[in-house]
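Only one structure is covered here, and it is reproduced in the block below.
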Amino acid sequence: MKDKFGREISYLRISVTQRCNLNCVYCGKGDCAKKAAELPPEGYYKIAKAFARCGIQKIRVTGGEPLVRQDVCEIIRLLRSIPQIETLALTTNGVYLGQTAQALKDAGLDSVNISLDSTDGSTYRRLTGADVLEKVLAGIDEAERVGLSPVKINAVLMKGVNSDGAGQLIALAKERDIDVRFIELMPFSDEGEDRSLIVTGEEILAQFPFLRPVPGENSTAKYYAADGFRGRVGLINSVSHKFCADCNRVRLLCDGKVKPCLGQDAAYDLMPFLNSEEQLEETIKTIIRNKPAGHSFETKGAAHGLNRTGG
Ligand code: SAM
């Protein structure tokens with residue numbers, strides 16, 4: 001289905017919890033332990049079915065940290081059973097992936113994105129508040145082993161914090177059949193003091209001039225590689241080169257509200273319509289049709305930490 005700007009909306013991100021077992025400095029605005037209402041698996045299933053009838057073909061399960069939910073495999077199994085959904089993916093910090101990757105695969109998950117901002121133990125601990133780098137690395141191995149393909153790594157670089165570790169992250173894409181994607185830091189305060197921390201995609205290319213563009217799927221990431229690379233390096237320049245004009249996504253929050261644009265405050269509650277397929281579908285159509293033109297991260301910080309919206 002198209003919105004009023006002619007954009008085809010085909011991608012739904014579902015945040016299944018606001019809770020997270022990590023406390024990344026740039027993400028939660030300090031409220032990672034906060035409990036927003038969470039729907040049971042059937043709630044997301046009902047809503048996702050209605051979205052699928054409105055043209056959604058790809059779903060990504062995110063959070064908070066989706067793997068803190070004991071019933072995450074049931075959520076995946078139900079979403080997998082929706083015939084229109086061609087791609088079912090999940091974004092995780094990877095801490096619990098070693099123990100759940102096989103069950104997720106068996107439940108019908110296609111692929112995972114794993115957030116990893118540093119391969120250095122003490123930097124990782126400083127960024128996330130937890131000493132779990134080894135677990136995350138084991139989770140990446142396990143995801144590859146069980147065939148959750150493709151495995152992608154998402155990294156956010158911050159100047160003077162972890163930016164000096166970019167080379168080690170890029171080395172993962174050289175040595176393994178893994179895409180390592182750098183997401184530009186989205187400002188998380190209106191004061192703007194965090195803007196000086198942003199490492200842009202262009203700065204990464206200037207630092208690693210051996211990276212050459214490679215053709216990729218039509219996605220938000222632009223891909224690069226060099227001779228001898230098994231994987232690719234992706235740049236997601238969401239702040240320096242915003243791609244709102246091509247945005248194809250909407251977000252469902254864990255409490256049943258829809259957020260049509262990550263960078264705007266508006267969220268619409270679907271809970272009153274949960275028991276009427278018709279009303280649910282009509283409400284979703286109206287929300288999609290009126291999706292805002294885009295974010296304003298150039299001038300305005302994100303209204304909420306991304307632990308609420310799932311990134
Ligand atoms: N807990 C999961 C994880 O760590 O991947 C899923 C949720 S997390 C909010 C999703 C993604 O959002 C992560 O890759 C994280 O790095 C990214 N993220 C959070 N805050 C961000 C910010 N201010 N700017 C850019 N990316 C951010």
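A few comments on the model shown:
- Projected onto its three principal axes, the C-alpha set of region 157-281 covers 55, 35, 24 Å, listed from the longest axis down.
- Computed in the context of the full set of protein chains, the accessible area of region 191-270 at 1.4 Å probe radius has 52% of its extent on carbon or sulfur.
- Legend: translational diffusion of region 217-256 by Stokes-Einstein, Rh = Kirkwood radius over C-alpha pairs, 20 °C, 1.002 mPa s; D = 169 µm²/s.
- All other residues whose Cβ lies under 10 angstrom from that of G55 are scored, Lys and Arg at +1 and Asp and Glu at -1, for a net of +2.
- Using all pairs of distinct alpha-carbon atoms, the Kirkwood hydrodynamic radius of the chain works out to 19.7 angstrom.
- The chain, dipole about Cα centre (Lys/Arg Cβ +1, Asp/Glu Cβ -1), debye to the nearest 20: 500
- CD proxy at 222 nm, helix term only [per DSSP H run n ≥ 4: -39500 (n - 2.57); per residue of the chain; nearest 500]: -8500 deg cm²/dmol
- Under 15 Å from K35, Cα to Cα: aspartates and glutamates that are on another chain or at least 8 residues apart: E65, D255
- Net charge of Cβ neighbours under 11 Å - reference N154; Lys, Arg +1; Asp, Glu -1: 0
- When restricted to Cα atoms, region 1-80 yields an Rg and a Dmax of 14.3, 39 Å, respectively.
- Neighbour count of at most 15 Cβ within 10 Å plus DSSP loop: longest trypsin sites (Lys or Arg not before Pro)-free window in the chain: 36-158
- Spatially close lysines, pair count over region 217-299: Cα under 22 Å, gap of eight or more or interchain: 7
- Where Cα atoms sit under 17 Å apart: lysine pairs in region 41-189 separated by 8 or more or lying on different chains: 7
- Cα pair distances in region 145-215, grouped into 10 Å bins until the bin that holds the longest one, percent each: 17, 47, 26, 10, 1
The values are calculated or read from the model by the stated rules, or taken from the named source; none is laboratory data. Note that the structure is a prediction, hence the values are computed from the model and not measured. Virtual Cβ from ideal backbone geometry, glycine too; neighbours counted across all protein chains shown. Heavy atoms of the whole protein, side chains included, go into the accessibility calculation; ligands, DNA and RNA do not. Shrake-Rupley method; radii C 1.70, N 1.55, O 1.52, S 1.80 Å.
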